[in-house]
Amino acid sequence: MSREEIFEQINIVFKDVFDNDDICIEEETTAADVKGWDSLMHITLMDAIEEKFDIKFDMKTIIKLKNVGEIADIIEEEI
Amino acid sequence: MKKTIISISISLIIVFGVVMLKNCFSYMLPNDAMGIRAVVAKKHVSQLFLGASAFRKGIDVKMLEEELPGESFILTYNGNQPYNMSLELKEILEEGTVVDTVIADFNPSMINEDANLSDKRFLWDTKFSTKWALWKEISKREDASFYMFYDYFVLSNNEYMITYPVSFPLIAERYYRGGSLDDDAGMTEERLLKLEVAEKPGFHKLQKKAIMDMISICDQYGVKLIFVESPRYIKMADDENYQEKSKALAELLKASGIEYYCATDLDFDNKNAAYYTDLVHMSGEGKRLFTSQIIQRMKENEE
Amino acid sequence: MAFVSFRFIIFLSILLITYFLIPKKYQWCLLLLGSYVFYAFATPYFLVFLFISTIITYICGVKLEKLSDACNEKLKVDADVLTKESRKALKNIFMRKKRFILIICMVMNIGVLGVLKYFNFFMDNISEILHLCGISYEFPNANWLLPLGISFYTFITVGYCIDVYREVSEAQNNIFKYALFVAFFPQISQGPINRYSEMSIHLYEEHAFDFVRIQNGGYRILIGVFKKVVVADRLGIYVNRVYGAPIDYNGLSLLFATVFYAVQIYCDFSGYMDIAIGVSDMFGIKMAENFDKPYFSKTIPEYWRRWHITLGAWFKDYLFYPVIRSDWCKKIGKNLKKTVPTIVGLLVVWFSTGLWHGASWHYVLHGLYHGTLIILSFLLASVFHSMKTKLHINEDNKVFHIFQILRTFILVDISYILFRARNLKDAAYIMNEIVFHLNPSKEALKIALLPFTEDNTAVAFFGVAMLATAGVFVCEILDYNHIFVLKKHKYINAVIMLTLILLFGMFGQSSFIYMQY
């Protein structure tokens, strides 16, 4: 899977989790840029991404992730 | 560095200035509702009731006005001790106020105490020399500390000072000639009996001397001096320490030839809880009864 | 020793002067010594508990890192040989060993806190249960005192161990350096609950003398002292009187006391933080912020991101996430609704938050009250959203913001009744009086002002309390609207604050509210 494809799939997950079709994530997108991305939604988001890509994040990853680009990095490593 | 030192200095100068002005001149601000300044402003008072909060809450000035000749005034501060009372009396008489009769609070609860100040309004109302005299005695106490000094001279009454235009009228409307206009309901016997009596024994030499000073200054200015006890609720009146102090105070006054009326000399039912809001202070009903009994006594004395 | 005391001023001055006179490489050693002296002044006998907690978690950290390093080394060395499954299996073996060490460490550490703080609570509840079963037996109560800051330093050390376990943070191999992180005196009694990965950046560095930095630290301390002695302690007199004997006061007094308490606890706690952070800044060490204008929050979840920030973050990272990511919780999510694990996680966290504050059911209820509100806001998010759409409410509208802020403040203030009341009975009485027996009138208002001084000077006292409170919140409103009054005019602000502290400070009351937790 290419990085563009990964981003496409992540965007679908974001639209679904935040119930907002206007979301368009980028490398530098952080929690501050997405309305509703708080600590509760963060876990929901992580669960949804794990399910989508059939991977498992460890706690270190979940806590340390700063932006969507880093999520894509982990996904690239795992798959 | 320079700006920091300047800022701290400015602040200290402001504080110092405010404290000096307050301690030296606060008594000059209008205060005709209660306190020493109100008495001094009167120039002539026929009956001056001098005591603590029990007097303030326990005497109805309007009743006194109707029944007794001339003007009556109630001068009280919370926790007023004989020593503080002697300083207040001295300041009033030295200011030139003419007083015919002083009815002082026969208050056994205060006579074992070392110099103390419970009511900071005393500091607002008095001249610097009076304040200093009290502080000199307080500073002799074992537990005297820098914080006490700071609280006494720097912190006291700043809230009143800064809100004076609003506070003074609001406070004044609750008083008439120093007497409280409150008409409180009495308590129940059950609740009164639950209250603690915290009387300690003893007759402090400072308070003994203060009473002698009061007698002496009244004599000097030709003022008649009487002591009257504001009746305590039976639980307090029956307390051993209270009774002992009461006896000691009565003996001192008797030996000095001063007229006094203990609660037992008045026909006051101190078992009736409806007359009290706590062990010491009267309800509206109690106030009216006590006042009528004082008036009766004073009228009998005239005859 | 109390932060607002002569003793502390002397201690801080001596420490600060010595700090910049000694060779810079020994500065952290001096801080360690100073921190233990500070602790000894407070509770010398309890140094042993601090010491034990430090040793246990230090050893745990070192061992965990050794295991992590060994695992990573093996994965690197055998990278070409290992398959995906065998890599996973190898990781699991090391994880099991690490988990074992972590669990032992947590049990010991939290166990000490549990016994010292919750023994009586636990025993009383057992007695109650036995009583309900018809068995009348009262377990004896222990009379021990709590070591200063035990709730805080236990969380700091446990957080450190979990961070090392997760490889989020490196372990500290120097026991003395680690001991400094645990015992650092500005944080020891009331937090913030700092993270090692953030603190360690500056804690052991060499710090040159910088007058501007010290001046800024002093300014921050001044703000904290103002909030504490001019606002918090002043309102505390009223609150303590009324909440100390609620049946003696009218409904209006109880309402005032509840609102005043919200201001008191904020100014007390955030004032402490200002002093602690200001002191720490003077030494060149940055600590985490713990408050961000919490009473301007628009929702309860936002409030908990702005109030006692480090505690919320601790519970989120070390309890909430592990609970809802656990296998048993995921099983619940599979079998029941997907939202159930989140609800379970939130209930666990808020029960624990309540209990952390004190060994009493009214604290637990306080925690669960907030947990319930957060669960409801989570479950009803879409309902609220569609309501706003139907009512054409513009979420960016300032009037709507004000409504949200007031609503959130009222919800939080209700919880303070549970938090501050002596017990559940008092809390129920107070709520009942406020809701059903308010009876506002001019006379009731006059009586309601009295508890400040119990005499006619109460009006003046009330006036000053309100002015001082207004001062604090006007600055925050301006700050919220990006008008940084406190940052811009520092010298004038300092003169005003110092003057007001010296003239209106309630210096008689010196202990901070959160020191009891």
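The values are calculated or read from the model by the stated rules, or taken from the named source; none is laboratory data. Here the structure is a predicted model, which means the values were calculated and not measured. No Cβ is skipped: glycine too gets one built from the backbone with ideal geometry, and neighbour counts run over all protein chains shown.
List of remarks:
- Checked against the criterion of being in a helix (DSSP H, G or I), closer than 20 Å to C:Leu254 by Cβ and among the hydroxyl-bearing types (Ser, Thr, Tyr), region C:479-496 contains not a single residue that satisfies it.
- Taking each residue of region C:477-500 that is closer than 22 Å to C:Ile402 by Cβ and more than 9 Å from every other protein chain (Cβ to nearest Cβ) and looking for partners that are among the acidic types (Asp, Glu) and in a helix (DSSP H, G or I) with beta-carbon atoms closer than 9 Å, six or more apart or interchain, yields C:Val485/C:Asp479.
- Of the residues making up region A:9-24, none is of a type in the set (Phe, Trp, Tyr) and not in a helix (DSSP H, G or I).
- Scoring A:Leu40 on the criteria (1) at pLDDT 85 or above; (2) part of a helix (DSSP H, G or I) leaves a single failure, condition (1).
- Single residue of region B:55-86 satisfying the filter (in a loop (DSSP other than H, G, I, E, B) and within 14 Å of chain C (Cβ to nearest Cβ)) that is farthest from B:Ala41 (Cα to Cα): B:Gly79
- The set of residues in region B:34-52 being buried (at least 21 other Cβ atoms within 10 Å of the Cβ) and of a type outside the set (Phe, Trp, Tyr) consists of B:Met34, B:Gly35, B:Ile36, B:Arg37, B:Ala38, B:Val39, B:Val45, B:Gln47, B:Leu48, B:Leu50, B:Gly51, B:Ala52.
- Index of the failed condition, B:Lys224 passing every other in (1) closer than 15 Å to B:Met110 by Cα; (2) surrounded by fewer than 18 Cβ atoms within 10 Å (Cβ to Cβ): (1)
- Residues that are among the β-branched types (Val, Ile, Thr) and closer than 27 Å to B:Tyr242 by Cα within region B:102-148 comprise B:Val102, B:Ile103, B:Ile111, B:Ile138, listed in sequence order.
- Leading residue by the ranking (modelled with the lowest pLDDT) among those in region B:179-231 that are in a loop (DSSP other than H, G, I, E, B) and aliphatic (A, V, I, L, M): B:Leu181
- Top-ranked residue in region B:162-178 [being in a loop (DSSP other than H, G, I, E, B) and facing another protein chain (nearest Cβ under 9 Å); ranked as nearest to the chain's Cα centre (by Cα)]: B:Arg174
- Search result, residues across region C:451-465 that are within 11 Å of chain B (Cβ to nearest Cβ), buried (at least 16 other Cβ atoms within 10 Å of the Cβ) and not β-branched (Val, Ile, Thr): C:Phe452, C:Asp455, C:Asn456, C:Ala458, C:Ala460, C:Phe461, C:Phe462, C:Gly463, C:Ala465
- Options A:Asp47, A:Asp73, A:Asp38, A:Asp58; residue that is away from chain C (no Cβ under 13 Å) and without any contact (Cβ under 8 Å) to a residue 12 or more places away in the chain: A:Asp73
- Evaluation of B:Val197 against the conditions (1) closer than 30 Å to B:Gly96 by Cβ; (2) in contact with a helix residue (DSSP H, G or I) (Cβ under 8 Å, 6 or more places away or on another chain) shows that the sole unmet condition is (1).
- Members of region C:405-441 found to be among the small types (Gly, Ala, Ser), assigned to a loop (DSSP other than H, G, I, E, B) and in contact (Cβ under 8 Å) with a residue 60 or more places away in the chain, listed by number: C:Ala421
- Complete set of residues in region B:41-55 that are modelled with pLDDT of 90 or more and more than 18 Å from B:Ser118 (Cα to Cα): B:His44, B:Val45, B:Ser46, B:Gln47, B:Leu48, B:Phe49
- Residue list for region C:56-92, restricted to those being surrounded by 13 or more Cβ atoms within 10 Å (Cβ to Cβ) and outside any helix (DSSP H, G or I): C:Leu82
- Summed over region B:232-249, the residues that are buried (at least 18 other Cβ atoms within 10 Å of the Cβ) and either in a helix (DSSP H, G or I) or among the acidic types (Asp, Glu) (or both) give a count of 9.
- Subset of region C:442-476 (residues that are outside any helix (DSSP H, G or I) and under 13 Å from B:Ser167 (Cα atoms)): C:Asp455, C:Asn456, C:Thr457
- Qualifying residues in region C:138-167 (those that are buried (at least 20 other Cβ atoms within 10 Å of the Cβ) and part of a loop (DSSP other than H, G, I, E, B)) - the one modelled with the highest pLDDT: C:Arg166
- Sole residue being of a type in the set (Asp, Glu), part of a helix (DSSP H, G or I) and either in contact (Cβ under 8 Å) with a residue 40 or more places away in the chain or surrounded by fewer than 17 Cβ atoms within 10 Å (Cβ to Cβ) (or both), chosen from B:Glu159, B:Glu91: B:Glu91
- C:Ile101 vs. criteria part of a helix (DSSP H, G or I) and not assigned by TED's automatic domain parsing to the domain that holds C:His308: yes
- Taken over region C:168-210, residues that are away from chain A (no Cβ under 14 Å) and assigned to a loop (DSSP other than H, G, I, E, B) amount to 18.
- Of all residues in region C:1-27 being in a helix (DSSP H, G or I) and touching a Leu at 6+ places or on another chain (Cβ under 9 Å), the one that is farthest from C:Phe209 (Cα to Cα): C:Leu15
- Annotation: B:Val39 fulfils all but one of (1) away from every other protein chain (no Cβ under 14 Å); (2) under 26 Å from B:Phe290 (Cα atoms); (3) not in a helix (DSSP H, G or I); the unmet one is (3).
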